[in-house]
Amino acid sequence: MNSPFDPSSLKLSTDRSLQGNLCLANARLVLSDQVLTGAVTIENGVIADIAEGDGLPTGAIDCAGDFVTPGLVELHTDNLERHIEPRPSVDWPHLPALIAHDAELASTGITTVFDAMRVGSIHSGKGRYIDYARKLADELLAARAAGLFKISHFLHLRAEICSETLLDELAAFTPDDRVGIVSLMDHTPGQRQYRDLASLKTYGAKKRGMNDAEFAAHVENLLGLQEKFGVAHERGAVIEAKRLDAVLASHDDTTPAHVDQSAANGVDFA
């Protein structure tokens with residue numbers, strides 16, 4: 001018995017073009033509304049047929065009852081940054097890091113990833129962090145164009161409202177850069193993710209080696225940046241997301257007011 005589906009709407013989420021036919025049979029197929037034992041036939045990278053039953057068509061791969069599922073889509077992962085900077089202040093060679101990141105995701109069933117990259121930097125003080133997203137995006141897109149990846153890669157630009165250079169960094173991206181998501185992210189101390197200053201202090205002291213005076217100066221600097229740039233950065237990031245034709249997301253909404261603010265900005269998901 002054949003299950004109803006629309007083959008034209010189902011394409012493999014991979015950057016590698018598949019030629020020829022492939023049949024995975026005697027598998028537990030995870031469909032949108034049921035799990036059944038059957039076979040899935042793929043022709044030139046497109047699902048052409050799904051048939052129920054435990055038979056083995058000629059040339060099919062016997063999955064012996066293993067699950068065959070749609071590929072997972074990862075919308076927000078810091079995994080790439082972890083490979084680029086495995087320890088504080090360590091800048092690992094980027095191409096090997098990109099390939100390791102891609103392979104690691106593929107090994108867990110992820111076939112499409114929106115690689116999270118922070119945009120918006122601070123160039124002064126103990127808590128400084130520099131812009132890196134444009135350069136890393138160029139390297140990622142070049143590796144993709146060279147066919148070095150196993151899965152599909154898009155960009156998720158995490159727009160740091162509490163920063164100095166957010167709008168300049170966003171302006172460096174174009175609609176051709178595969179930016180799928182722009183998320184509004186505000187790490188100002190005392191709210192959202194950093195409501196608990198003690199937790200922020202523990203994190204800052206451990207990662208950046210801050211003493212009490214340096215941490216206090218860091219908090220004061222962040223509060224000043226939010227007061228100076230917060231409104232303009234938020235409005236500008238919303239405009240830039242539209243220019244890039246990206247889905248707008250929010251980050252760490254914690255109060256009804258935050259949710260209302262996100263809805264007013266046209267946020268699609270949190």
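The values are calculated or read from the model by the stated rules, or taken from the named source; none is laboratory data. Predicted model, so just to flag it, every value in this text is computed and none were measured. Reconstructed Cβ throughout: ideal geometry from the backbone, glycine too, with neighbour counts over all protein chains shown. These area figures cover heavy atoms from the full protein model, side chains too; ligands, DNA and RNA do not enter into them. Shrake-Rupley method; radii C 1.70, N 1.55, O 1.52, S 1.80 Å.
What to note about this one:
- Taking each residue as 0.36 nm, the span from A232 to A263 lengthens on full extension beyond its C-alpha to C-alpha distance by 9.4 nm.
- Just checking the listed ones, P86, P256, P96: in the Gaussian network model of the chain with Cα springs under 10 Å, the one fluctuating most is P256.
- The fraction of accessible area contributed by carbon and sulfur in the chain is 55 percent, rounded to a whole number (1.4 Å probe; ligands and nucleic acids excluded).
- Taking every protein chain into account, the 1.4 Å probe leaves K150 with about 110 Å² of accessible area, to the nearest ten.
- Only one residue of T41, L56, I84 has its Cα farthest out toward the positive end of the dipole of the chain, where Lys and Arg carry +1 and Asp and Glu -1 on Cβ, and that residue is I84.
- Protein-only accessible surface at a 1.4 angstrom probe places the residues L148, L105 in the order L148, L105, largest first.
- Given R0 = 45 Å, the distance between the Cβ atoms of Y129 and V30 translates into a calculated FRET efficiency of 0.65.
- A 1.4 Å probe run over the protein chains yields, for segment 191-249, 62 Å² of accessible area per residue, whole-number rounding.
- The chain, dipole about Cα centre (Lys/Arg Cβ +1, Asp/Glu Cβ -1), debye to the nearest 20: 660
- Share antiparallel - DSSP beta bridges, the chain, percent rounded to 5: 40
- Equivalent-ellipsoid semi-axes for segment 43-107 (Cα gyration tensor, √(5λ), whole Å, largest first): 38, 12, 11.
- Put simply, segment 168-270 fits an ellipsoid with semi-axes of 28, 16, 12 Å; these come from the alpha carbon gyration tensor as the roots of five times its eigenvalues, largest first.
- Within a Gaussian network of the chain (alpha carbon springs, distance under 10 Å), most fluctuating of A97, A249, A216: A216
- Among the protein heavy atoms, those of I239 account for about 110 Å² of accessible surface (1.4 Å probe, every chain in place).
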